[in-house]
Ligand code: AGP
């Protein structure tokens with residue numbers, strides 16, 4: 001075990017640090033610089049079939065569902081195809097309409113999650129076109145979907161998923177790029193995405209280099225028993241994934257909210273005992289996010305700003321400053337910082353990191 005851990009205290013920490021390499025593997029041989037697109041041979045869909053897709057629905061559970069939300073955003077933005085994500089666990093129980101011109105995507109690290117597998121089976125029974133975005137080759141979901149995109153994240157041992165979630169988002173990005181480039185996505189915008197994906201391992205490395213700083217912030221918030229994670233639009237799935245990581249390994253009650261939703265209820269919970277981790281991108285919504293920070297501060301809520309922007313002084317108790325690389329891919333970079341935050345908070349509290357209570361790595365029951 002010590003050998004496999006390679007000097008890391010646990011698998012989660014090791015897997016967090018493996019992410020630059022995992023992303024390198026995911027994009028290896030799949031980025032086409034000449035035509036500013038992605039090559040995903042396992043899809044078995046030609047340009048005509050790709051162009052026939054009129055909507056996309058991603059199905060996954062837990063963190064795979066949140067990665068699916070990042071993916072749906074990327075696909076809709078770049079391919080201009082309506083796309084959304086839904087928990088696979090609910091899908092078959094609501095008698096969904098299966099659209100013949102839709103592409104359904106089942107996303108799973110293990111490929112064995114019962115609820116996701118059952119959603120795939122329901123889709124196939126009703127004639128839906130479904131592909132897999134899966135880490136484990138030979139797994140039940142990979143076999144059931146006869147085409148798809150493998151994550152190439154390598155084995156993931158920690159119950160709290162890190163590198164697989166990141167590679168899911170990266171695979172969705174390549175899929176969104178491909179779907180976009182057979183439609184209206186320009187060569188120059190496609191080229192920008194190819195370059196950003198190619199540079200992503202380096203950006204992730206820059207976040208990992210902030211580990212001491214992030215660990216310090218986590219330590220200063222080790223008193224917290226509840227926490228909000230706040231994100232807007234692109235950063236909403238990242239906020240959900242951040243809350244999920246913290247819940248899983250620290251047992252702190254963490255809830256994610258869309259920034260604009262705070263005033264519709266959750267603001268009532270803000271006080272000195274409710275810290276908020278607020279994701280603030282350096283984008284066209286910066287002014288809105290600054291106003292979110294002001295709303296929380298005005299109610300005495302401690303704020304940890306995770307940001308790629310230069311924020312005015314006094315808006316946050318702690319600032320975790322992240323590199324800015326690409327507007328649509330930066331949520332992936334933010335999730336890495338949130339992994340480290342959750343990890344160090346849980347370590348500080350002396351929690352069992354790799355095998356949190358009540359959870360299994362792969363949920364093969366309903
Ligand atoms: C992630 O940290 C969780 N342990 C969990 O939500 C997980 O992502 C979910 O159970 C889905 O697993 P899968 O990717 O193997 O299908």
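The values are calculated or read from the model by the stated rules, or taken from the named source; none is laboratory data. The model shown is predicted, which means the values in this text are computed figures rather than measured ones. Positions of Cβ are generated from backbone atoms using ideal geometry, with glycine treated the same way; all protein chains shown enter the neighbour counts.
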Cβ-Cβ under 8 Å pairs, at least 6 apart or on other chains, region 150-169 side away from the ligand (no atom under 12 Å from the Cβ), far side part of a loop (DSSP other than H, G, I, E, B): 150/135; 150/137; 152/28; 152/135; 154/18
Quick one: count up the residues across region 230-253 that are surrounded by 24 or more Cβ atoms within 10 Å (Cβ to Cβ) and not in a helix (DSSP H, G or I). 2
Please verify whether residue 223 is within 19 Å of the chain's Cα centre (by Cα) and either more than 13 Å from the ligand (Cβ to nearest atom) or closer than 15 Å to residue 30 by Cα (or both), treating the condition exactly as stated. no
Could you check region 27-142 for helices (runs of 4 or more DSSP H) lying wholly inside it with 2 or more residues that are more than 13 Å from the ligand (Cβ to nearest atom) and closer than 19 Å to residue 180 by Cβ? 47-51, 62-79
Given the criterion over 18 Å from residue 161 (Cβ atoms) and touching a residue at least 40 places away in the same chain (Cβ under 8 Å), identify the matching residue among 240, 232. 232
Would you be able to say whether some residue in region 201-219 is surrounded by fewer than 21 Cβ atoms within 10 Å (Cβ to Cβ), over 24 Å from residue 158 (Cα atoms) and within 17 Å of the chain's Cα centre (by Cα)? no
Looking for whichever is modelled with pLDDT of 95 or more, in contact with a strand residue (DSSP E or B) (Cβ under 8 Å, 6 or more places away or on another chain), assigned to a helix (DSSP H, G or I) and within 12 Å of residue 228 (Cβ to Cβ) here; the options are 304, 290, 296. Which one fits? 296
Which numbered condition residue 224 fails, given (1) outside any helix (DSSP H, G or I); (2) farther than 20 Å from residue 290 by Cα; (3) touching a helix residue (DSSP H, G or I) at 6+ places or on another chain (Cβ under 6 Å): (3)
Answer yes or no as to whether residue 342 is within 22 Å of residue 224 (Cα to Cα) and within 12 Å of the ligand (Cβ to nearest atom). yes
Restricting region 100-110 to residues that are at pLDDT 95 or above and more than 12 Å from residue 131 (Cα to Cα), the one surrounded by the most Cβ atoms within 10 Å (Cβ to Cβ) turns out to be 109
Are any residues in region 284-294 crowded, with 16+ Cβ neighbours inside 10 Å and in contact with a helix residue (DSSP H, G or I) (Cβ under 8 Å, 6 or more places away or on another chain), and if so, which ones? 285, 289, 292
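Going by the conditions given, is residue 256 in a helix (DSSP H, G or I), within 16 Å of the ligand (Cβ to nearest atom) and touching a strand residue (DSSP E or B) at 6+ places or on another chain (Cβ under 8 Å)? Walk me through it before giving the result.
Working: in a helix (DSSP H, G or I): no; within 16 Å of the ligand (Cβ to nearest atom): yes; touching a strand residue (DSSP E or B) at 6+ places or on another chain (Cβ under 8 Å): yes.
Spelling it out, it is not the case that residue 256 is in a helix (DSSP H, G or I), within 16 Å of the ligand (Cβ to nearest atom) and touching a strand residue (DSSP E or B) at 6+ places or on another chain (Cβ under 8 Å).
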Pull up region 321-338, narrow it to residues that are within 12 Å of residue 210 (Cβ to Cβ) and out of contact with any strand residue (DSSP E or B) (no Cβ under 8 Å at 6 or more places or on another chain), then point me to the one that is modelled with the lowest pLDDT. 323
Filtered residues of region 143-178 (kept if under 20 Å from the mean Cα position of the chain (by Cα), assigned to a helix (DSSP H, G or I) and farther than 24 Å from residue 243 by Cβ): 174, 175, 176, 177, 178
